[in-house]
1. Take peptides 67-75, 47-55, 81-89 and line them up by average Cβ neighbours within 10 Å, highest first, as a rough protection proxy.
2. In Å², what does the accessible area per residue of the chain work out to with a 1.4 Å probe?
3. Using a basic spin-label model with each label point 7 Å from the Cα along Cα→Cβ, how many nm lie between residue 72 and residue 14?
4. Quote the FRET efficiency, to the nearest 0.05, computed for residue 24 versus residue 90 with a Förster distance R0 of 25 Å and r equal to the Cβ-Cβ distance.
5. At 7 Å along Cα-to-Cβ for each site, give me the label-to-label distance between residue 3 and residue 56 in nm.
6. Report, to two decimal places, the Cα Rg of the chain normalised by 2.2 N^0.38 Å (N = number of residues).
7. Considering only DSSP beta bridges whose two residues both sit in the chain, what percent are antiparallel, to the nearest 5?
8. Relative to the Cα centre, what is the charge dipole magnitude of the chain, using +1 at the beta carbon of each Lys and Arg, -1 at the beta carbon of each Asp and Glu, and rounding to the nearest 20 debye?
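The values are calculated or read from the model by the stated rules, or taken from the named source; none is laboratory data. All figures in this text were calculated on a predicted structure; none of them were measured in a lab. Quick reminder, even Gly has a Cβ in these numbers, built from the backbone with ideal geometry, and neighbours come from all protein chains shown. Calculation scope for accessible area: heavy atoms of the full protein, side chains included, ligands and nucleic acids excluded. Shrake-Rupley method; radii C 1.70, N 1.55, O 1.52, S 1.80 Å.
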Amino acid sequence: YRLVEVGDAGTALSLAVGERLMVALPGNPSTGYTWEVQAEPSVVRAVPGLGFLGDTTMIGAGGIFYFRYLAAAPGEDTLVLVYRRPWEPTPSDKTFALGVVVR
């Protein structure tokens, strides 16, 4: 897997067809917030099974959300994730966008 993190937001990533991508973003589900896919690019396919690895030393502590993708088709698109509470009508201002170029 090619790993991208919050510091890679706003950049473009080049992948070969068949290459795997993992997006790792910090969050705290105990506050009700989670990362949701707002715009899924057509050039990558989500690999089932969202992962979360929390800090097990403290109750209610945050951790890292993991999203996995497979580069499926040549082209260019943008992956956009938003950090929000699902029951709130207005999402937070916290977003993660990554340009994806599959060759």
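1. Order by mean packing, descending: 67-75, 81-89, 47-55.
2. Details: 5740 Å² over 103 residues.
Result: 56 Å² per residue.
3. 2.4 nm
4. Working: r = 26 Å, r/R0 = 1.03.
For residue 24 and residue 90, the calculated efficiency is 0.45.
5. 1.8 nm
6. Numbers: Rg = 14.0 Å, N = 103, 2.2 N^0.38 = 12.8 Å.
Relative to the rule-of-thumb radius for its length, the chain sits at 1.10.
7. On the way: 29 of 37 bridges.
Bridges in the chain are about 80 percent antiparallel.
8. Numbers: 8 positive and 10 negative charges, 40 e Å.
Charge dipole, the chain, about its Cα centre: 200 debye, nearest 20.
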